[in-house]
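The values are calculated or read from the model by the stated rules, or taken from the named source; none is laboratory data. Note that this is a predicted model, so its numbers are computed, not measured. FYI the Cβ positions are ideal-geometry reconstructions off the backbone, even for glycines, and counts take in every protein chain you see.
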Amino acid sequence: MIIISALMLAMLLSALDQTIVSTALPQIAKDLHGLNKLSWVATAYLLTSAIVTPLYGKISDLIGRKKVFQFAIIVFLVGSALCGISQTMDQLVFFRALQGLGGGGLMSLSFAIVGDIIPPRDRGKYQGYFGAVFGLASIAGPLLGGLLTEHLSWHWIFYVNLPIGILALIAIAYRLHLPVRKVKFKFDYIGSILMSISLVALLLALTLGGVSYAWSSSMIISLFVASLIFGIAFVYVETKAEQPIIPLRLFRGSIFTISAILSLLSGLILLGTIIFLPEYQQIVRGYSPTESGLLLLPLVGGLFFASLTSGRLITRFGKYKLFPIFGTLVICLGLYLFSQIKLDTSEFTLSIWMIITGIGIGSFMQVMTLAAQNAVDRTDLGTATAIITFFRSIGSSIGTAIFGIILTTTFTTHLTKIFAGSHFNIAQSINNITAGNYNLSTLPATIRIPILSALTLSFRDIFLVAIPFAAVAFFIALLLKETPLKQFTKDEAKADIVGM
């Protein structure tokens with residue numbers, strides 16, 4: 001449990017860092033005078049962490065996981081400390097990129113090490129703990145970020161990583177004893193470069209599109225085309241490489257392929273929609289970042305309960321297929337309920353909807369990692385885990401972009417309909433709201449209520465559009481084959497390894 005606790009701390013660092021920064025961004029822009037570069041504080045971390053995630057998985061399969069994991073934590077902590085002492089926006093963006101180079105290995109390697117020390121038959125309950133930590137961090141991040149920024153300073157959203165990371169490092173150094181493989185290998189440099197360029201182009205297109213450039217602009221279209229070209233080249237190179245970064249043979253197995261697709265959809269649906277709940281609470285309901293975080297506790301409770309329960313049931317009965325089916329079905333229900341949200345929907349009703357949605361998320365989100373790990377050889381464990389994590393990250397990026405477009409475009413449509421025939425300056429109003437220049441509570445009721453009604457309809461549209469994606473995930477989950485969860489054999493424990 002000491003080792004598991006250390007791994008959970010490492011995952012907490014990774015999951016928390018993706019959300020804790022969001023509520024501090026306005027204050028960071030004010031202090032560092034860099035509003036025009038603000039989006040890069042998040043983008044720099046996202047880019048570097050996504051690029052290195054598959055690399056960490058492959059390298060750890062080849063040379064052993066403990067030292068690679070320690071390296072990732074140290075790089076992340078160094079980056080965190082440097083972010084905390086940044087004096088300019090350029091410094092902060094650069095150090096966030098450095099932090100991402102470490103962060104990309106934290107989550108995937110945590111799951112991979114669980115795969116090293118716990119057999120699949122007993123792995124469910126432990127991954128249930130990790131799923132609960134991930135969900136808790138996803139919701140608690142904005143709350144903690146708001147508290148630290150309001151009562152200390154934004155620098156502490158980075159400093160808070162240091163004690164957590166140091167505790168994890170100490171526990172891993174003294175209590176984690178993993179085997180190390182003695183394998184001669186030729187690193188796939190060409191594949192790594194092609195993959196990196198393809199990912200950078202894709203993620204830049206998703207993060208800059210609709211913000212810095214129009215989606216129809218030549219810049220965004222060129223980025224998508226470049227991502228596609230280099231992606232095709234990467235796939236070709238991987239078919240020829242002696243030690244490919246992403247072995248395409250893994251996708252020949254239906255269990256691994258379906259797990260990867262479901263991970264992509266889970267990131268798209270869950271992170272792409274849940275991230276907008278705090279925005280709804282702040283923009284429409286007028287709550288502070290701290291209050292909006294507290295109001296999401298029912299979602300955390302449902303997720304926590306379902307994640308722990310599903311993990312224990314998987315360990316007890318050795319069956320996992322039911323949970324993705326049940327989880328995606330419940331998520332469809334949760335999304336439908338949120339698509340009925342109104343301006344006067346009570347907080348109690350919203351809490352019930354959050355509990356239902358949280359149960360759906362917690363029931364299956366981490367099962368995909370377990371299914372994929374159980375379907376591959378132990379020699380591919382790190383690579384397979386990293387690929388599943390990578391697909392979930394890409395899905396969240398795609399979902400955030402898709403639903404962000406829906407929010408802004410439908411808001412324009414609804415506001416135009418509501419104020420049709422009036423002299424209200426719709427374009428200027430939209431610009432002021434999206435730029436944060438309006439304090440809606442100070443506007444006259446004749447203007448404020450229609451604007452809030454339009455915003456509410458736009459948030460409804462987000463959840464409504466997410467339902468088909470959840471339905472697709474449900475039908476794909478039906479195709480997931482269930483194989484007996486393995487136990488380690490003595491031969492597996494001793495083959496080709498020596499103790500560290």
Handout entry: Which listed residue, of Leu250, Leu265, Leu270, Leu303, is in a helix (DSSP H, G or I), out of contact with any Gly (no Cβ under 7 Å at 6 or more places or on another chain) and under 21 Å from Ile467 (Cβ atoms)
Key = Leu270
Handout entry: Filter pass, Val225 being touching a Pro at 6+ places or on another chain (Cβ under 9 Å) and either acidic (Asp, Glu) or not assigned by TED's automatic domain parsing to the domain that holds Ile325 (or both)
Key = no
Handout entry: One residue from Phe459, Phe488 being surrounded by 15 or more Cβ atoms within 10 Å (Cβ to Cβ) and modelled with pLDDT of 60 or more
Key = Phe459
Practice task
Report yes if Glu238 is in the same structural domain as Ala371 (by TED's automatic domain parsing) and either surrounded by fewer than 22 Cβ atoms within 10 Å (Cβ to Cβ) or closer than 18 Å to Ala386 by Cα (or both), otherwise no.
Solution key: no
Practice task
Go through (1) out of contact with any strand residue (DSSP E or B) (no Cβ under 6 Å at 6 or more places or on another chain); (2) surrounded by 14 or more Cβ atoms within 10 Å (Cβ to Cβ); (3) at pLDDT 75 or above; (4) over 25 Å from Gly57 (Cα atoms) and name the single condition Asp188 misses.
Solution key: (4)
Fill in the blank from the handout: Checked Ile269, Ile325 against criteria (in the same structural domain as Phe459 (by TED's automatic domain parsing), surrounded by 22 or more Cβ atoms within 10 Å (Cβ to Cβ) and either of a type in the set (Val, Ile, Thr) or farther than 30 Å from Ser346 by Cα (or both)); the one match is Ile269
Practice task
Name every residue in region 1-14 that is hydrophobic (A, V, I, L, M, F, W, C) and either modelled with pLDDT of 75 or more or buried (at least 24 other Cβ atoms within 10 Å of the Cβ) (or both), in order of residue number.
Solution key: Ile3, Ile4, Ala6, Leu7, Met8, Leu9, Ala10, Met11, Leu12, Leu13
Practice task
Scan region 47-73 for residues that are closer than 12 Å to Gly105 by Cβ and out of contact with any Leu (no Cβ under 7 Å at 6 or more places or on another chain) and report the count.
Solution key: 9
Exercise for the section: For region 381-402, indicate whether the set of residues that are assigned to a helix (DSSP H, G or I) and touching a strand residue (DSSP E or B) at 6+ places or on another chain (Cβ under 8 Å) is non-empty. Expected result: yes
Practice task
Within region 365-392, track down each residue that is within 15 Å of the chain's Cα centre (by Cα) and modelled with pLDDT under 80.
Solution key: Met365, Gln366
